[in-house]
Every structure is written in C-alpha cells, then in structure tokens.
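Asks: Pasting in a structure now, in structure tokens, and then I'll have a few things to ask.
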Amino acid sequence: MREDLLREVEIEYDQIRTENERTENERKEKIRTEYPEIFILVREREDLVFGTLRAILNGKTETENLPEKMERLSAEIRNKLTTAGFPADYLAPIYRCPLCKDTGKTGELIKEPCECLKKAYQKKLRSSIGLNGEKRESFETFDLLLFPEEQLPGRSYSQREMMDIARDDCKEWADHYPEVPNRNMLLTGKSGLGKTFLLRAVAERLIERDVNVLIISAYKLLEIVRKAYFSNEENAGEISEIEVLMIDDLGSEPLMQNVTVEQLFNLLNERQNRGLSTVVSTNLTMPELQGRYTERIASRLRDKNNWKVITLEGKDIRS
C-alpha cells in the first residue's frame, strides 16, 4: 500500500473512533442526568463486569451465573430505553464495521487490515489517480455493443470481435498480475478505439487486488522527467517506484531535444530492470513510435519477452 494514502485513511479512522466515543459519552451523560433509574442499571452492569475481572486477577474464578446476570441487566436496560423512547441499542458501542469496530484491523494475535480499511484505501487511491468519476471504467461496464460488427477491411473479424478479445486479454492480465508472461503492456491504435477505457479498467481491477497503481498522462510525465533531468535527480520519484505505472496517450506530449527520449528510455529501462510493470497507451503505430522516440525505445516496447502488445483497429466510436 502507498504509505501516504494509508496514513490518511488511518487518521480518518482515528477521527471516526474519537467522534463515536464522544457520541457514546454524550448519550451516557443524557441517561445519567435525565433517566437515573436506567443509569443505575448501567452502573450495576459495569460493576458486575469489572468486579468479575478483578476477581479473576486475584485468583478467584467465581463467575457462576455471570452470563445470566448480564443478560438480565441488559434486557432490563433495553426495555427501559425503549419505554423512554430511545432505540434499544442507544447505549451500545458505536462503530460502522462490526468486524474491526472501526480500528481497521482484525485478528487477535496477528493483526490484518480489515476489508473496510482496504475499501477505504482503494477509494482514496482511485481518487488520487483520477478514477473517482461517477461513471466507472471497468471490465463490468465495458460495452461491446458500442463497436461495429461489420468485418474490418482486410480482416476476417469485426471491430466488435477484436475488442472482445482485447478486453479479455486485458482482464486476464489484470486478474493474474504479477504472474503473467509479460509484465508490461502496450495498447496502440487510433483515437476513439477504447485504449484509455481498457487502461483504466486494468487499473480498477489491479486496485481491487491491492496492487499499487499510478495513472499519468504522457504530458504530465514529461513535466516530471524534465524536472528530474534539470535538477540532476537520479529518478523521478513515484513514477520510478510505483509497482504498476500507467502512461496514457504517449506521443501527445511535446518533445524536448535530448530530454524526452533519453529520460523516457531511462525510465522504461530502470523499471524493467527492477521488475516493475509499465502499461502504455498510444495513438502511434510502432513505426511512428520508432520515428518519434528512436529505435532504442521502439525495440524495447515491441520486445515480446517483456511487453504484451495489443493493437486496436476500426472506427472512432466517439463519432
């Protein structure tokens, strides 16, 4: 997990527990001042619990009929609360998650992140990388009916059939990462064929699987690598460290002489050498990538031992 986002979630959980405790104390105080007969029962129940604990610590094991006594008191408290117009659980501990009681951790001896904390983290991660829109771009919302079913010129298949295969390929990669034949992926094709949708669907699935992902536009990537270049930094921070880096629309960024190409090659090379994964979408064909970024980068992107290449064809579905 990305430590900065995880820490934000943990702080939010601390705030939730503090607010819940404040509400619990306010409710208890209201009962103490306005309904003393109920409060007497509450104190009696507390004394029973703490008295039993003290007895155990002192070596005594007299806990006979404790469950029955606790249930009798609890039933009487619930009955009086409802009679007074309160919910029966008005004085019960407050928490959103019954598994971790808003601690974010489960387990007795070995603590593990609770599912609620994982979902809170995933939501924050989605927001941080631009996946927080109302319309989720996922494999579940991928609509094949948007693509023409006429046979593509010079092909034995339709654009819809091609996208069906491309979707399944991306889904299989995202479902089985990192145990995949190719740790990197390249999506190529003209504008409006669904490359960005597939890239974001891959990101969604990886996030669901607790994989650290960063989506960045090629334009923003250029800003970061340019800054690293002119400040003589050895790497470009998170884009060099993140487990899966997703670069959208490579080729749309302006080229800077002796900067863009060199820094892009260094980034791809460093990530591949460290076993980190990179997913790239581009409107450029392989020859166009070679002409723009040199043979060094093009040969790396078409390396079948390390890169899975998915080429899309057909009509722009946005028009």
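Asks: Could you look through the stretch 144-161, keep only residues that are in a helix (DSSP H, G or I) and of a type in the set (D, E, K, R), and pick out the one that is nearest to Leu193 (Cα to Cα)?
Replies: Arg160
Asks: Something else about it: Please determine whether any residue of the stretch 128-136 is closer than 23 Å to Gln15 by Cβ and assigned to a loop (DSSP other than H, G, I, E, B).
Replies: Yes, the conditions are met somewhere in the stretch 128-136.
Asks: Oh, and also: Of all the residues that make up the stretch 71-88, how many are small (Gly, Ala, Ser), surrounded by 14 or more Cβ atoms within 10 Å (Cβ to Cβ) and part of a loop (DSSP other than H, G, I, E, B)?
Replies: Matching residues across the stretch 71-88 total 1.
Asks: I would also like to ask the following. Return the only residue of Asn273, Asn283 being without any contact (Cβ under 8 Å) to a residue 24 or more places away in the chain and not charged (D, E, K, R).
Replies: Just a single option satisfies the conditions, and that option is Asn273.
Asks: What are the residue pairs meeting all of these: first residue in the stretch 39-67, first residue closer than 30 Å to Ala84 by Cβ and among the basic types (Lys, Arg), second residue part of a helix (DSSP H, G or I) and at pLDDT 60 or above, Cβ atoms under 6 Å, and 6 or more apart or on different chains?
Replies: Note: pairs meeting the criteria are Arg45/Leu73.
Asks: Scan the stretch 121-147 for residues that are in contact with a helix residue (DSSP H, G or I) (Cβ under 6 Å, 6 or more places away or on another chain) and exposed (fewer than 14 other Cβ atoms within 10 Å of the Cβ) and report the count.
Replies: Of the residues in the stretch 121-147, 2 are in contact with a helix residue (DSSP H, G or I) (Cβ under 6 Å, 6 or more places away or on another chain) and exposed (fewer than 14 other Cβ atoms within 10 Å of the Cβ).
Asks: Tally the residues that are surrounded by fewer than 20 Cβ atoms within 10 Å (Cβ to Cβ), in contact (Cβ under 8 Å) with a residue 24 or more places away in the chain and closer than 19 Å to Ser281 by Cβ, restricting the search to the stretch 155-176.
Replies: Within the stretch 155-176, residues that are surrounded by fewer than 20 Cβ atoms within 10 Å (Cβ to Cβ), in contact (Cβ under 8 Å) with a residue 24 or more places away in the chain and closer than 19 Å to Ser281 by Cβ number 3.
Asks: Then there's this: Using beta carbons and a limit of 6 Å, which pairs, at least six apart or on different chains, have the first residue in the stretch 105-120 and open to solvent by less than 40 Å² (accessible area, probe 1.4 Å) and the second one of a type in the set (Gly, Ala, Ser) and assigned to a helix (DSSP H, G or I)?
Replies: From the stretch 105-120, no pairs qualify.
The values are calculated or read from the model by the stated rules, or taken from the named source; none is laboratory data. Because the structure is predicted, anything quoted here is derived from the model rather than measured. For neighbour counting, all protein chains shown are included, and Cβ atoms are generated from backbone atoms with ideal geometry for every residue, glycine included. The accessibility values were calculated without ligands, DNA or RNA, using every heavy atom of the protein model including side chains. Shrake-Rupley method; radii C 1.70, N 1.55, O 1.52, S 1.80 Å.
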